[in-house]
Amino acid sequence: MIKLEGLRLPPGSGEADLCAQAARLLRLAPSDIRDLQILRRSIDAREGVAVIYTVCATVDSESAVLRRCRNRKVGRLEPSPAYRLPEPLPPPEAAPVVVGAGPAGLFAALVLAEAGQRPILLERGRPVEARKADVERFWSTGQLDPASNVQFGEGGAGAFSDGKLSTGTKDLRHRFILEQLVSCGAPPDILVDAKPHVGTDYLYTVLQNLRQKLTALGADIRFETQLEDLRTEHGVLTGVELSGPEGRETLPCRSLILAPGHSARDTFETLYKRGVPMEAKPFAVGLRIEHRQADCDAAQYRQYAGHPGLSASTYKLSCHLPNGRGVFSFCVCPGGEVVAAASEPERIVTNGMSEFARDKENINGAILVNVTPEDFGKDALAGVAFQRQLEAAAYTLGGGGYRAPAQRVEDFLARRPSKGPGRVRPSYRPGVTWTDLHKCLPPFVAAALEEALPILGRKLRGYDAPDAVLTAVESRSSSPLRILRGPDGQSALGGLYPCGEGAGYAGGILSAAADGMKSAEALLEHLRQGDHRL
């Protein structure tokens, strides 16, 4: 097959238009192309607005066509190496345990289950069906369930997000992950879109089907079951203490994949007390900012704004301030809503969420400031304490009941309290309290945001619009610590494999899932080699 790159078409073009352009590049008639498949699709709004395609074409006399067509956009399609699952092994006497049913834990369990290991997957929260009801009740009434919320439960924090599947790293596992998601009900578009997303509504179905697949492969999935402690002998893991529906129990365990998520603060504290090596690491905190999606579309798509052939526009912004601080957008949710994402009582946490259609009135994204251990302390748990301070201050400023403090950008820059919304209506539930956000932010964070907003507004027209809404506080962009592991994937405690976003080794759904797979592969390799520590 022949690969053609960089085919530019105006919004709204169809398959016939794509085939005609491919034929022109190949110096063929469209009827000479026997098959045309889209490999990649993206939107380029930098100079005009166009949809950019990479395709592969099947033609007769392929070698002759390539000799005749000398164009840097055209070449032979080379087969891409595919991920191969590890070879199966006899299951050990004590089944491997996976803690956490977020992306890292789910895909670690999948690799182990495909290898015949019959893993035990533990999740403190509830299945996604029950979790969805718990989250909706919290958003509607302010009644928080600390064990089942936006952070905890089947699917992890990503289950109530935009379901973005883009990453800055390349890994053979990524294609495997996308294909698994599609096989479980995700839209096939994620296999070709340059910025793929699933959407919360599709993730709900995907997670149920992935659970069924794991169960069919022999995985033992236990919800509402929390890791309470570790048992060790001579620096090696021997068991885990759990609390679940039947009370407390001790489970023999020689190998544990720990994928706790970035909000498992009690688990971090338990590991710290047990002497598991960990360290504070840089992360970022800030606010959520909301604009009208139509305004963002107009700024980027110009005359094509609202065109049915274009998806809702998004953005990625950053700037480096003279004092060395970085300020950047994160987890942008086109056509979405700002959501209450607390997991602890009397603390406010915000996040963003979109459904697959991305068709709601507002676009929202985090606007974050980099923070380092020099800002909050170098003790391994100092970042957790810093997050809690911010979240408690936001709760107090919001007036209780999980109402979030909010402010218009114009008022934030003028350092005056807001009295109410302008053109942009806040989407956060249970509701917002209009105030001055400087009262809940560290001065250095507030100052960085004040300086960055006009700069970012020059990069994206309207970003610093007077009526854009800021909602506090975004504190869970990533884990505030890293649970250390060696080149073999294990902690200094033999048999413990920390992985995923919570352990400090990933930054999104796709990278977390891939890191979980790596940990499962490392565990299997140690079993295959008869690692004396296991």
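Values as computed for the structure displayed
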item: Computed over segment 95-188, the ratio Rg/Rh where both radii use C-alpha atoms and Rh is Kirkwood; result: 1.01
item: Fraction in percent of alpha-carbon pairs per bin - 5 Å, segment 427-534; result: 2, 10, 14, 14, 11, 11, 9, 8, 8, 7, 5, 2, 0
item: Nearest-10 value in Å² for the accessible area of Asp464, using the 1.4 Å probe; result: 50 Å²
item: GluC sites (Glu not before Pro) within segment 357-453: DSSP coil, no more than 16 neighbouring Cβ in 10 Å; result: Glu361
item: For segment 300-436: relative contact order, % (alpha-carbon pairs under 8 angstrom, 6 or more apart); result: 21 percent
item: Accessible surface, 1.4 Å probe, highest first, among residues Met1, Met353; result: Met1, Met353
item: Relative contact order (%) - the chain, alpha-carbon pairs under 8 angstrom, separation at least six; result: 17 percent
item: Antiparallel bridge percentage (DSSP; both residues within the chain; nearest 5); result: 80 percent
item: Value at 222 nm in deg cm²/dmol, rounded to 500, when DSSP H runs of n ≥ 4 in the chain each add -39,500 (n - 2.57); result: -9000 deg cm²/dmol
item: Phi to ³J(HN,Hα) by Karplus 6.51 cos²θ - 1.76 cosθ + 1.60 over segment 43-55, Hz, x for Gly, Pro; result: 10, 10, 10, 6, 10, x, 10, 9, 9, 9, 10, 10, 10
item: Karplus (6.51, -1.76, 1.60) ³J(HN,Hα), θ = phi - 60°, over segment 208-213, in Hz, Gly and Pro reported as x; result: 5, 5, 5, 4, 4, 5
item: Subset of Lys164/Lys273; Lys170/Lys439; Lys360/Lys419; Lys170/Lys281; Lys164/Lys518; Lys360/Lys459 violating a 32 Å alpha-carbon distance limit; result: Lys164/Lys273; Lys170/Lys439
item: Under DSSP loop assignment and at most 10 Cβ neighbours within 10 Å, longest trypsin sites (Lys or Arg not before Pro)-free interval of the chain; result: 171-418
item: Long-range Cα-Cα pairs in the chain (distance over 46 Å), rounded percent; result: 17 percent
item: Contact order normalised by residue count of segment 51-153, Cα under 8 Å, 6+ apart, percent; result: 20 percent
item: The chain, accessible surface, carbon-and-sulfur percent (1.4 angstrom probe); result: 49 percent
item: From phi via Karplus (6.51, -1.76, 1.60), per-residue ³J(HN,Hα) for segment 343-355 in Hz, x at Gly/Pro; result: 10, 10, x, 6, 9, 9, 9, 10, 8, x, 8, 9, 8
item: The chain - accessible surface per residue (Å², probe 1.4 Å); result: 41 Å²
item: Local net charge near Gly48, Cβ-Cβ under 10 Å (Lys/Arg +1, Asp/Glu -1); result: +1
item: Selection of GluC sites (Glu not before Pro), segment 235-272, meeting DSSP coil and at most 10 other Cβ within 10 Å; result: Glu246
item: Accessible heavy-atom area order of Asp515, Asp488, highest first, probe of 1.4 Å; result: Asp488, Asp515
item: Ordering of 56-65, 327-336 by packing [mean C-beta count within 10 Å, highest first]; result: 327-336, 56-65
item: Radius, Kirkwood style, for segment 227-283 when every pair of distinct Cα atoms is counted (Å); result: 12.6 Å
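The values are calculated or read from the model by the stated rules, or taken from the named source; none is laboratory data. Bear in mind that the values here come from a model prediction, so they are computed numbers and not experimental data. Don't worry about glycine lacking a Cβ; one is built from the backbone with ideal geometry, like all the others, and counts go over all protein chains shown. What goes into the accessible areas is simple: the full protein's heavy atoms, side chains included, and nothing from ligands, DNA or RNA. Shrake-Rupley method; radii C 1.70, N 1.55, O 1.52, S 1.80 Å.
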